[in-house]
Amino acid sequence: MELYAPIFVLGGIGAAFVVVSLVAGSVAGPKRYNRTKLQAYECGIDPTPQPVGGGRFTVKYYLTAMLFIVFDIEIIFMVPWAVHLDSLGLFGLVAMILFLVNVSIAYAYEWRREGLAWD
C-alpha cells in the first residue's frame, strides 16, 4: 500500500486544487449576467438562427480539418525520425525524403485548388 501513497497524495492535491479554484472563482469573480453571457457561446455576438434539422457545414470546414490532420501526422512521423536520424542511416533519409515528397504533392494540390484561401 505504501507504493500507492504518492499517487493518492498527488490525486488529493489535484482534487484540492480543483475545489479551491472553483470556490475562489465563484467568490472573487464578477457576477454580471446578461442574456448573451448565458447563451451557449459567450462571444458577445448573438448566434445566427439554425434550421430545426441542423444546419449544413460547407465542405471547406472538412477540407481544412483534413489538411490539419495530414500535416499533424507529418509532424508525428518527423519527430522520431529527427531524433534517431544518425541510427537510421541512408535508408531513413531516403524514406523521409519520399514521405516529404508525397506530403508536398498533397500540399501543392491543396494550394492549387485554393483550399488554403479563406474567403
Worksheet item: Taking segment 85-113 as the region of interest, how many residues are surrounded by fewer than 10 Cβ atoms within 10 Å (Cβ to Cβ) and either part of a loop (DSSP other than H, G, I, E, B) or charged (D, E, K, R) (or both)?
Response: 2
Discussion item. Residue under question is residue 36, and the condition is that it be in contact with a Cys (Cβ under 9 Å, 6 or more places away or on another chain) and at pLDDT below 85; does it hold?
Written reply: yes
Worksheet entry | Residue count for segment 15-33, restricted to those that are exposed (fewer than 10 other Cβ atoms within 10 Å of the Cβ), hydroxyl-bearing (Ser, Thr, Tyr) and either in a helix (DSSP H, G or I) or at pLDDT 95 or above (or both) | 1
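The values are calculated or read from the model by the stated rules, or taken from the named source; none is laboratory data. On a predicted model such as this, the values are computed, not experimentally measured, just so you know. Cβ sites come from the backbone with ideal geometry, for glycine too, and all protein chains shown count toward neighbours.
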